[in-house]
1. Quick one: if the Förster radius is 22 Å, what FRET efficiency do residue 276 and residue 163 give, using the C-beta to C-beta distance and rounding to 0.05?
2. What pairs from 17/99; 35/97; 217/289; 89/284 go past 29 Å between their alpha carbons?
3. Using label points projected 7 Å from each Cα along Cα→Cβ, tell me how many nm separate residue 265 and residue 72, to one decimal.
4. Calculate the spin-label point distance for residue 221 paired with residue 3, positioning each point 7 Å from the Cα along the beta-carbon direction, and give it in nanometres.
5. What is the stretch 167-221's relative contact order, in percent, from Cα pairs under 8 angstrom and six or more apart in sequence?
6. With the contact rule set at Cα under 8 Å and sequence spacing of 6 or more, what percent relative contact order holds for the stretch 123-287?
7. Considering only DSSP beta bridges where both residues belong to the stretch 123-287, give the percentage that are antiparallel (nearest 5).
8. In the stretch 17-102, what chymotrypsin sites (Phe, Trp or Tyr not before Pro) fall in a loop by DSSP, with at most 12 other Cβ atoms inside 10 Å?
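The values are calculated or read from the model by the stated rules, or taken from the named source; none is laboratory data. Only a predicted model underlies this, so the values are computations on that prediction, with no experimental measurement involved. We place every Cβ from the backbone using ideal geometry, glycine too, and count neighbours over all the protein chains shown. When the accessible area is computed, the model is the full protein with side chains, heavy atoms only, and any ligands, DNA or RNA have been set aside. Shrake-Rupley method; radii C 1.70, N 1.55, O 1.52, S 1.80 Å.
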Amino acid sequence: MSEKGIVGVDVGGTNIKAALVVARTIKKRVILPTKTHQGLRSSIAQIQSAIEPFIDKANAIGVGIAGIIDSRHGIVKYSPNLRGWHDVKLVHILKKKFKKPVKILNDVNAICLGEWKYGSAKGYNNVFLFTLGTGVGGAAVCEGKLLFGAHGFAGEFGHTVIKYNGPKCTCGAFGHLERYAGARFIVARARRKMRKENSSLNDYHHITPEIIADEAKRGDSVSKRVFSEIGFYIGIGVANIINLLDPDVVIVSGGISRAGNILFEPVRKTVNDRILGKHNRIFKIIPAKLGDDAGILGAAYFATAYDK
Ligand SMILES: [Zn+2]
């Protein structure tokens, strides 16, 4: 009989990605729309449909989901991307349906676990990972343990204050990193500059942070300045994290983590100017390795192997 696997699931605001993970390797996968606009029942039904094809070949289920997740009690307290999700006993619902062990965790914690066990952070005991996308997420491994915090809020890097009198964030508070480094704010920064000077970005109907990164690499001065400015703000945030947690490695995940030096240079320079004891620390700031697979692999790992 062949070895049984684990179903790893990554529930996002748009899509649910699920896969059968056998011996740390993704064997088969499905992607379904989350259907969050149709409400709680529909999105739970979609999660079940994503798990269904693999369940006979699996011993357990691990689900990564955006929001405030009470992993200990298996409850999704709140999810910003999923309409109507408040205090949902997801573990209970999935256990009842599939009769297998189920664990859930925050999606960025799942990505961090995946990169820590199999990717860029492998072998390190103190890790900080952040994701750059629509929002800015974060997660930490401290002394070999994933950090959850008292209420499940640990690692919310996007909502750390980097400018004390800064503009209002999507969460309602002021001066948060996400207000600078969230995708739409990066694009808005580029658009403000494009109004004042020529840029190759004008050739695009729809601009994304990835396009701005590509044009920066081709030498467009507006795009280059956008990246040096957001790299500066991200660097302030990373310097605070390094001063606070003293990680071995800081991992940058998400689409624009592949931007290369155009992003990493201003981040590293800003960090070096702002940390205590830089000559006595050895740390790296590097891109994630596993892309979209990190969340699925991390959720699968959490389902059975993580016992802290
Ligand atoms: Zn915020």
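1. On the way: r = 21 Å, r/R0 = 0.94.
Working from the Cβ atoms, E equals 0.60.
2. The pairs that break the limit, which is 29 Å between Cα atoms, are 89/284.
3. 4.7 nm
4. Each label point lies 7 Å from its Cα, and together they span 5.7 nm.
5. Details: 35 pairs, mean separation 13.5, N = 55.
24 percent.
6. On the way: 285 pairs, mean separation 38.9, N = 165.
This gives 24 percent for the stretch 123-287.
7. Numbers: 10 of 19 bridges.
Around 55 percent antiparallel, to the nearest 5.
8. Working: sites: 54, 78, 85, 98; in loops: 85.
Passing both the DSSP loop test and the Cβ count: no residue.
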